[in-house]
Amino acid sequence: MKAEVRAILDEKAGDLGSARRRLMSLASSSTYDPRLCEQIARICVKMSDPKEAGRWYFLSDSDDPESPGCITEFLEQFNRSPKQAIQQIPANLRLESPESYPPVVGARLRAAEFQGVPRKRKPERGADGKTWKDRAIGAGCLVATAFLLIAIVVGVGTIGAFIAKIIRSL
């Protein structure tokens with residue numbers, strides 16, 4: 001059963017805490033979805049947690065009547081310091097640019113001085129599916145193993161020579 005369906009069942013059963021946890025977990029492990037953010041915000045409002053609702057309304061383009069008040073309360077806890085407010089947004093929901101969000105959310109983010117988060121490029125892979133780092137690590141392991149084997153052979157030879165010297169001296 002999907003997390004959203006289970007959250008709806010939890011909410012209907014009156015277990016708002018479980019519903020919120022499920023949806024927040026889903027939001028922090030999936031791609032940005034303004035509908036999901038709005039759903040979390042509505043549960044937070046039902047739980048009488050306007051600051052937390054504001055965090056999620058901040059990311060949704062909801063026209064709920066509670067939305068502006070909750071967003072204001074969310075921002076006020078940071079003395080209206082926009083950069084601190086942005087840090088409260090789950091990292092996976094911070095996209096490359098404010099233009100990647102719905103227009104209303106993008107405008108809020110620009111007002112909060114959010115510039116976007118550059119995404120790391122995926123490393124290029126060769127025909128064998130390995131990156132240059134994978135190949136370098138493999139080569140390094142091979143060289144380290146060769147040195148270890150040489151050290152063992154030299155060590156055994158040295159010990160053998162030492163034992164032979166002791167035996168001859170007896």
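The values are calculated or read from the model by the stated rules, or taken from the named source; none is laboratory data. Note that the coordinates shown come from a computational prediction; the quantities given were computed from them, not determined experimentally. For neighbour counting, all protein chains shown are included, and Cβ atoms are generated from backbone atoms with ideal geometry for every residue, glycine included.
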Residues being touching a residue at least 40 places away in the same chain (Cβ under 8 Å) and not charged (D, E, K, R) - total across the stretch 42-90: 4
Scanning the stretch 1-47 residue by residue, the ones that are of a type outside the set (Val, Ile, Thr), closer than 22 Å to ALA91 by Cα and outside any helix (DSSP H, G or I) total 4
State the number of residues belonging to the stretch 44-65 that are surrounded by 17 or more Cβ atoms within 10 Å (Cβ to Cβ) and either at pLDDT below 90 or closer than 22 Å to ARG110 by Cα (or both). 11
When every residue in the stretch 85-111 that is within 22 Å of ASP49 (Cα to Cα) and β-branched (Val, Ile, Thr) is compared, the one modelled with the highest pLDDT is VAL105
For the stretch 131-139, state whether one or more residues are assigned to a helix (DSSP H, G or I), closer than 18 Å to CYS37 by Cα and at pLDDT below 85. no
On the given criteria, is ALA107 in contact with a helix residue (DSSP H, G or I) (Cβ under 6 Å, 6 or more places away or on another chain) and in the same structural domain as ALA27 (by TED's automatic domain parsing)? no
Within the stretch 35-43, does at least one residue satisfy the condition of being among the β-branched types (Val, Ile, Thr) and surrounded by fewer than 20 Cβ atoms within 10 Å (Cβ to Cβ)? no
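Yes/no per residue for (1) at pLDDT below 80; (2) in a helix (DSSP H, G or I); (3) within 26 Å of ARG20 (Cα to Cα):
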site: LYS83; (1), (2), (3): yes, yes, yes
site: ALA127; (1), (2), (3): yes, no, no
site: ILE152; (1), (2), (3): no, yes, no
site: GLY157; (1), (2), (3): no, yes, no
Taking the stated definitions as given, is LEU95 out of contact with any helix residue (DSSP H, G or I) (no Cβ under 8 Å at 6 or more places or on another chain), surrounded by 14 or more Cβ atoms within 10 Å (Cβ to Cβ) and not in a helix (DSSP H, G or I)? yes
Kindly provide the set of residues from the stretch 66-79 that are assigned to a loop (DSSP other than H, G, I, E, B), over 26 Å from the mean Cα position of the chain (by Cα) and surrounded by 14 or more Cβ atoms within 10 Å (Cβ to Cβ), ordered by number. GLU66
Is there any pair with a first residue in the stretch 6-30 that is in the same structural domain as ARG55 (by TED's automatic domain parsing) and more than 15 Å from VAL45 (Cα to Cα) and a second that is among the basic types (Lys, Arg) and surrounded by fewer than 19 Cβ atoms within 10 Å (Cβ to Cβ) whose Cβ atoms are under 7 Å apart and which are 6 or more apart or on different chains, and what are they? ARG22/ARG6
